Structures are given as C-alpha cells and as structure tokens.
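Just below is one structure, and these are the notes that go with it.
The values are calculated or read from the model by the stated rules, or taken from the named source; none is laboratory data. Small disclaimer: the values here were computed from a predicted structure and weren't measured. Note that we place each Cβ from the backbone using ideal geometry, even for glycine, and neighbour counts take in every protein chain shown. Note: accessible area is taken over every heavy atom of the protein model, side chains too, but ligands, DNA and RNA are not part of it. Shrake-Rupley method; radii C 1.70, N 1.55, O 1.52, S 1.80 Å.
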Amino acid sequence: MGLVGHGYYYRKADRDSGELNPVRIQRYYCSHCHRTCSALPECIPPHRWYLWAKQEIALKLHLAGESLNASAKAIGVAAHTVARWASRLKEQFLQQASVLREYQPTWGRLSTFKDFWQGVLQTLSLAQAMRLCHIAGVPIP
C-alpha cells in the first residue's frame, strides 16, 4: 500500500514578513514501517527557522568576502547564525559537492569550497541544491 495521507499541520515558514504564514504541511503514514513523515515545500528547510532564500543571501555575501557581521546585518540575523550556516555547509562539502557534480560535471573544476559554492549559486538556488542533495541521501546542513 505504501504512503497514504495522514492529515496535515501548519508551519510558520517566513518569520519576518509573515507572507508565507502559515503553510500547510501534508503528513503521510507508511503502512510498511508504521511511521509518519512530512513533505516540506522546497523553499522551507527542515529543522530551521529561516527560509533557504534568506540563507542563500547571507552565504553569497560571505562567499564574496563580506564579514560574518556584515552578511548577518544585511539579512537581519545574528552573526553566529550565519557562521553556523557556513560551518554546516563546510562540514558536508565533500558529500554535497559529489552529488552536485553529478548534476553539473563542469563544477568538478571548482575545487575549493568558496569557488564551488559560488559556481553552484550562479546556476541553482540554495533550495534547489539542497533538494538535489536530499534526494541523493546526503544530509542537509
């Protein structure tokens, strides 16, 4: 039988403007493993308060040479929040790079963390890149 609809819940997606609040998140029940799961829209990162788009702006600024403080101030978050995002992205760089290079082989020429992510974010949004990693089974930072 597989997955069947199992209700829904609402999640606050955009804590700043409230434009995307609340978002209805569909729940599913697996008749094989007897567990429930949710299907988040691509724009909402799992286990995070801020949307991928906001994180992407901060990371692009930081990768372009802005300080953590300047990057954080530009989007209205704390510097340690941007530092945490960058750190988690760096921790999983090799796994994510492997997946994304399969999607776009020319990114294989971009060997450093900075060059790689600048190249990726010129083509894909952070949400799209993280979706590809998620589908491949790579942890999302």
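The table below gives the values:
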{"item": "Within the stretch 85-141, considering residues that are open to solvent by 70 Å² or more (accessible area, probe 1.4 Å) and among the basic types (Lys, Arg), the one farthest from LEU59 (Cα to Cα)", "result": "ARG109"}
{"item": "Hits in the stretch 70-83 (condition: surrounded by 14 or more Cβ atoms within 10 Å (Cβ to Cβ) and part of a helix (DSSP H, G or I))", "result": "ALA70, SER71, ALA72, LYS73, ALA74, ILE75, ALA79, THR81, VAL82, ALA83"}
{"item": "Test: residue in the stretch 6-16 that is under 23 Å from SER125 (Cα atoms), open to solvent by less than 60 Å² (accessible area, probe 1.4 Å) and at pLDDT 75 or above", "result": "no"}
{"item": "Condition broken by TRP49, with the remaining ones in (1) within 18 Å of ARG131 (Cα to Cα); (2) surrounded by 18 or more Cβ atoms within 10 Å (Cβ to Cβ) satisfied", "result": "(2)"}
